[in-house]
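Student: So that we are looking at the same thing, I have put the structure below in structure tokens.
The values are calculated or read from the model by the stated rules, or taken from the named source; none is laboratory data. Here the structure is a predicted model, which means the values were calculated and not measured. Heads up, the Cβs are rebuilt from the backbone with ideal geometry, glycines too, and the neighbour counts pull from every protein chain shown. Quick note on the areas: whole protein, heavy atoms, side chains included, nothing else; ligands and nucleic acids left out. Shrake-Rupley method; radii C 1.70, N 1.55, O 1.52, S 1.80 Å.
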Amino acid sequence: MYSPDVALGLGSVVYALAKLDGDFHRKEAQTVRYLLADEPYSDLAICACFLRDNAGETVGEARAFSLRRMSDKRIELNAQTKKRFIAILLRVARAHEGISREERSFIRQFWRELQRI
């Protein structure tokens, strides 16, 4: 189990991934709600994702926020949790027209950064 800060970070990185192509598509939004509903502090993660969309936050801002939250709470991130976060990102990326090259690159880079935390 992880803290509310990590849940906010998860919601933020999911938003950043979904927004990579410029739009937060309906299928992605449905997938986000479904996948995050089972996570600890799911309400926070879901709200973080959709609040960033409503505020028009950039992909870079959301991603940076996510990494700061997760870095601050790195002790809560074990290997299993990190893998689950990547699995969530992969499923969100597949939700709308499959995984693009840009999305795949984003996920790989996020995975590398998680490993350094």
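Student: Can you compute 3J(HN,Hα) from phi for each residue in segment 81-89, using the Karplus curve 6.51 cos²θ - 1.76 cosθ + 1.60 with θ = phi - 60°, rounded to whole Hz and x for Gly and Pro?
Tutor: Once rounded to whole Hz, the list reads 5, 4, 5, 5, 4, 5, 4, 5, 4.
Student: Return the whole-Å distance between the Cα centroid of segment 62-117 and the Cα centroid of segment 12-43.
Tutor: Here the answer is 12 Å between Cα centres.
Student: Hey, any idea what % of the chain's accessible area is carbon plus sulfur with a 1.4 Å probe?
Tutor: On the way: 3030 of 6350 Å².
Percent of accessible area from carbon and sulfur atoms in the chain: 48.
Student: Let me ask another. Relative contact order (percent) for segment 8-53, with alpha-carbon contacts under 8 angstrom and 6 or more residues of separation? Show your work: numbers first, answer last.
Tutor: Values: 34 pairs, mean separation 26.6, N = 46.
Averaging sequence separation for qualifying contacts and normalising by length gives 58 percent for segment 8-53.
Student: What do you get for the angle between helix 4-18 and the principal long axis of the chain? Use alpha-carbon atoms, 0 to 90 degrees, nearest ten.
Tutor: Taking the Cα atoms of the chain, the angle to 4-18 is about 30 degrees.
Student: Moving to a separate point now. Can you tell me the Rg and Dmax of the chain, counting just the alpha carbons, in angstroms?
Tutor: Using the Cα atoms of the chain, the pair Rg, Dmax is 12.5, 35 Å.
Student: With a Förster radius of 35 Å, plug the Cβ-Cβ distance of Glu97 and Cys47 into 1/(1 + (r/R0)^6) and report the FRET value to the nearest 0.05.
Tutor: On the way: r = 26 Å, r/R0 = 0.75.
E between Glu97 and Cys47, to the nearest 0.05, is 0.85.
Student: Can I ask one more? Mind checking the angle between helix 59-72 and the chain's longest principal axis? C-alpha axes, 0 to 90 degrees, to the nearest 10.
Tutor: Value to nearest ten degrees: 20.
Student: At Arg33 and Leu90, where each label point lies 7 Å from the Cα along Cα→Cβ, what is the point-to-point distance in nanometres?
Tutor: That separation, rounded to one decimal, is 2.6 nm.
Student: Still on this structure, please answer the following. With bins 5 Å wide starting at 0, give me the P(r) of segment 25-94 over every alpha carbon pair, in whole percents.
Tutor: 3, 14, 22, 33, 21, 6, 1
Student: Quick one: which of 5-11, 39-45, 20-26 comes out on top by average Cβ neighbours within 10 Å, and what's the full order, highest first? Each step should come with its number before you reach the end.
Tutor: On the way: 5-11: 24.9, 39-45: 18.7, 20-26: 13.3.
Packing order, densest peptide first, comes out as 5-11, 39-45, 20-26.
Student: What 222 nm value per residue comes from the helices of the chain, counting each DSSP H run with n ≥ 4 as -39,500 (n - 2.57) and dividing by all residues, nearest 500 deg cm²/dmol?
Tutor: Values: 6 runs with 86 residues, N = 117.
My calculation for the chain gives -24000 deg cm²/dmol from helical runs alone.
Student: Could you state the accessible area per residue of the chain in Å², with a 1.4 Å probe and every protein chain left in place?
Tutor: 54
Student: Relative to the first principal axis of the alpha-carbon coordinates of the chain, what is the inclination of helix 101-116, with its axis defined by its Cα atoms, in degrees from 0 to 90 and to the nearest 10?
Tutor: 10
Student: Order of 63-69, 94-100 by packing, highest average Cβ count within 10 Å first?
Tutor: 63-69, 94-100
Student: Hey, what do the phi angles of segment 38-44 turn into as Karplus ³J(HN,Hα) couplings, whole Hz, using 6.51/-1.76/1.60 and θ = phi - 60°, x for Gly and Pro?
Tutor: Going residue by residue, I get 8, 7, x, 6, 4, 4, 5 Hz, with x marking Gly and Pro.
Student: Under 27 Å Cα-Cα from Lys27, which lysines qualify once same-chain neighbours fewer than 8 residues away are excluded?
Tutor: Lys19, Lys82, Lys83
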